[in-house]
Amino acid sequence: MKLENQVAVVTGAGSGMGKAISLLFAQEGANIVAADIQPDGVQALIDEGKGAPGKIVFKETDVSDQQQVEDMIDFAVGQFGAMDILVNNAGIMDNMMPVAELDNALWERVLGVNLYSVMYGCRKAVQVMCQKGGRIINIASVGGLNGARAGAAYTASKYGVVGLTKNTGFMYANQGIRCNAIAPGGVETNIGLSMQNLSEFGLERTSVCTKAMPRQGHPEEIAHAALFLATDESSFVNGTVLTVDGGWTAF
């Protein structure tokens, strides 16, 4: 087992990529704190993960709330005595709103979930990991590498995740902490459910790029990339972004 006796915290664990990552990590022996704002999805995850070598426990968490993120990590340490891996996965979309149509409420909500939460998690994690090292995996997006995969708020949030990842990876490299990001392309998840009142203009402009997507990915394909970054197989990989998009950004 590649993660035997490791402790991992995964946000947005109740569905999609977070669920796939949690299941795979548990199958590889890690004990998981599955954090999500919705308990139903995590209960389904726990039921599906029964029989795995690693244990999965639920921690209800609104990742846009600093205190709840810090409590989430303290909970992991209290439950399992350590935290070796943090996967900042939770995220929402932005209705494909270009900047002229973007209101402050949507801007703040998207950045709160997609970027501020990652900073809260990274900040707390490095304090816990500074004694013996650890691995942080941030789920960015090809939207954080290019300007035409989403609206203005989502794009800005994911560019921020990329920058935060690079800075954190460099700053704490000598303390045995590796911080990397995954930039998925289009993946079959329920993130689209977070979109309402989509911008017709934004959809029209981004459709130019959407048509170039070779195919949608599966959450399990992202999970295997996360497993690589969580193990010593990636021991010399730090402060970088692993693009997992089926060749979409090659266009």
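FYI, it's all coordinate maths here, none of it is from the lab. Quick caveat: nothing in here was measured; it's all calculated off a predicted structure. In this analysis, Cβ positions are derived from the backbone assuming ideal geometry, glycine residues included, and neighbour counts consider all displayed protein chains.
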Peptides 148-156, 35-43 ordered by average Cβ neighbours within 10 Å, highest first: 148-156, 35-43
Are there DSSP H segments in the chain that both extend 20 Å or more along their axis (alpha-carbon positions) and score a mean Kyte-Doolittle hydropathy of at least -0.5? List them, or say none. 66-80, 152-171
Lysines within cross-link reach of Lys166: Cα-Cα under 21 Å, excluding same-chain residues under 8 positions apart? Lys124, Lys132, Lys158
Full extension from Ala105 to Lys132: what is 0.36 nm times the residue separation minus their Cα-Cα distance, to one decimal in nm? 5.7 nm
Going highest first, how would you order 44-54, 205-215, 4-14 by mean Cβ packing within 10 Å? 4-14, 44-54, 205-215
Given the DSSP H assignment, sum -39500 (n - 2.57) over each helix run of at least 4 residues in the chain and divide by its residue total; what's the result at 222 nm in deg cm²/dmol, nearest 500? -13000 deg cm²/dmol
Simple spin-label estimate for Asn146/Glu188, 7 Å along Cα→Cβ, in nm, reads 2.2
Please check: in the Gaussian network model of the chain (C-alpha springs, under 10 Å), which one of Ile191, Ile85, Ile222 has the largest mean-square fluctuation. Ile191
